[in-house]
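Novice: Before I ask anything, let me first share the structure, which is written out below as C-alpha cells.
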C-alpha cells in the first residue's frame, strides 16, 4: 500500500501574518512609516502633514489596490516593461505595406467552387475493407 500525501490547495495565496496582512503588506506599511518619520524629522508641520497624507494614500494603494487581479507593484512593473520594451513587427512577403491600400481594394472571392467528386463503388468497397467492416 502506498502512503497518501496531502497536497496543498492554495499555493498561490500568501500567508497572513498579523492583522490579516501578509508580509509584503506589512513591509509596505513599514516603508510608509519610515518615510513619514523622515518627513517628520526633516520638514515643517504643514509639509509633514501633506507628505504624510500622500505617503498614506500611496501605501494604501500599494497594499489593497489589485488591478486586473494582480498586485499594484507587479501591475506597474508590467506596465513599465510593456511601455518601454521595443515591439517586434514581422513583415511577411506578399502582404500590403499600407492599411489604406488594403481597405481600398475590392475583396477577392474567398469562396472556392465546391465540385463534387464522382466516387465509384469500387472505391467505397476498398474503404470498407480497410476499416475491416466488410468481409
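The values are calculated or read from the model by the stated rules, or taken from the named source; none is laboratory data. No experiment lies behind these values; they were computed from the predicted model shown. Note that each Cβ is placed from the backbone with ideal geometry, even for glycine, and that neighbours are counted across all protein chains shown.
Novice: What are the pairs, 6+ residues apart or on separate chains, where a residue within segment 1-28 that is within 15 Å of residue 71 (Cα to Cα) has its Cβ under 6 Å from a residue that is assigned to a loop (DSSP other than H, G, I, E, B) and modelled with pLDDT under 85?
Specialist: 22/14
Novice: Could you check segment 1-26 and list, in sequence order, the residues that are surrounded by 10 or more Cβ atoms within 10 Å (Cβ to Cβ) and assigned to a loop (DSSP other than H, G, I, E, B)?
Specialist: 14, 16, 17, 22
Novice: Moving to a separate point now. How many of the residues in segment 67-90 are within 13 Å of the chain's Cα centre (by Cα) and surrounded by 10 or more Cβ atoms within 10 Å (Cβ to Cβ)?
Specialist: 9
Novice: Out of segment 31-45, which residues are assigned to a helix (DSSP H, G or I) and surrounded by 11 or more Cβ atoms within 10 Å (Cβ to Cβ)?
Specialist: Hits for segment 31-45 are 31, 32, 33, 34, 35, 36, 37, 38, 39, 40.
Novice: Hey, can you tell me all the residues within segment 46-74 that are part of a loop (DSSP other than H, G, I, E, B) and touching a helix residue (DSSP H, G or I) at 6+ places or on another chain (Cβ under 6 Å)?
Specialist: 65
Novice: Checking residue 134 against (1) closer than 30 Å to residue 27 by Cβ; (2) at pLDDT below 90, only one condition comes out false. Which one?
Specialist: With respect to (1) closer than 30 Å to residue 27 by Cβ; (2) at pLDDT below 90, residue 134 is out only on (1).
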